[in-house]
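In what follows, a structure is listed as C-alpha cells, so that the remarks can point back to it.
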Amino acid sequence: MPKEPLITRSELRRRREEELAASERNQKIVAKQANKEWKQKEKQIDNHYRKVRKKNKAITKTRTEENQKSRNLNTFLIKAIVVVALLLIVVALAIFLL
C-alpha cells in the first residue's frame, strides 16, 4: 500500500488562493470601514466649524454708525415733540380765548 500525501500540492495551492482571496476581502472591508469612519469624522469637523462660523458672523455695524443713527432719530423726535407741543399750546389758547 503506497503512502499518499495527506494533502496534495493542488489542494495546498487552492487553500492558499482561498486564504489570499479571504484576506483581500477582509482588507477591502477594513479599508471601507476606515474610509467611512474618516468621512464621518470629517463631516463632524465640518459641522462644528460651520456652527462656529454661523455663531461668529462678520461685523457689519460700527459704533460710530450706530451713534449717528441714534442722534438723527433723537433730533427728529425732539423736533416732532416741539411741533406737537406748539400745536397743543395753539389749541389750548384757541379754546380759552375764543
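The values are calculated or read from the model by the stated rules, or taken from the named source; none is laboratory data. Since we're looking at a predicted model, the values are computed, not measured. Reconstructed Cβ throughout: ideal geometry from the backbone, glycine too, with neighbour counts over all protein chains shown. For accessibility, only protein heavy atoms count, side chains too; no ligands or nucleic acids. Shrake-Rupley method; radii C 1.70, N 1.55, O 1.52, S 1.80 Å.
Worth pointing out:
- Projected label points at Leu87 and Thr75, each 7 Å from Cα along the beta carbon direction, are separated by 2.2 nanometres.
- Cleavage-rule hits, trypsin sites (Lys or Arg not before Pro), the range 1-96, DSSP coil, Cβ neighbours within 10 Å at most 10: Lys3, Lys57, Lys61
- Positive-end extreme of charge dipole, the chain - chosen from Ser10, Thr62, Leu73 (charges on Cβ): Ser10
- Highest-fluctuation residue, Asn47, Asn56, Asn74 considered, GNM on the chain with Cα pairs under 10 Å: Asn74
- The residue list Leu86, Ile29, Ile45 was ranked by how far each Cα lies along the charge dipole of the chain toward its positive end, using unit charges on Cβ atoms, and Ile29 comes out on top.
- Listed values (i) 59; (ii) 37; (iii) 78, entry calculated as percent of Cα pairs over 19 Å apart: (iii)
- Efficiency of FRET from Cβ geometry, His48 and Gln68, R₀ 41 Å, rounded to 0.05: 0.60
- A 1.4 Å probe run over the chain, with the rest of the protein chains in place, finds 106 Å² accessible per residue.
- Surface share of carbon and sulfur [accessible, 1.4 angstrom probe, percent] for the chain: 61 percent
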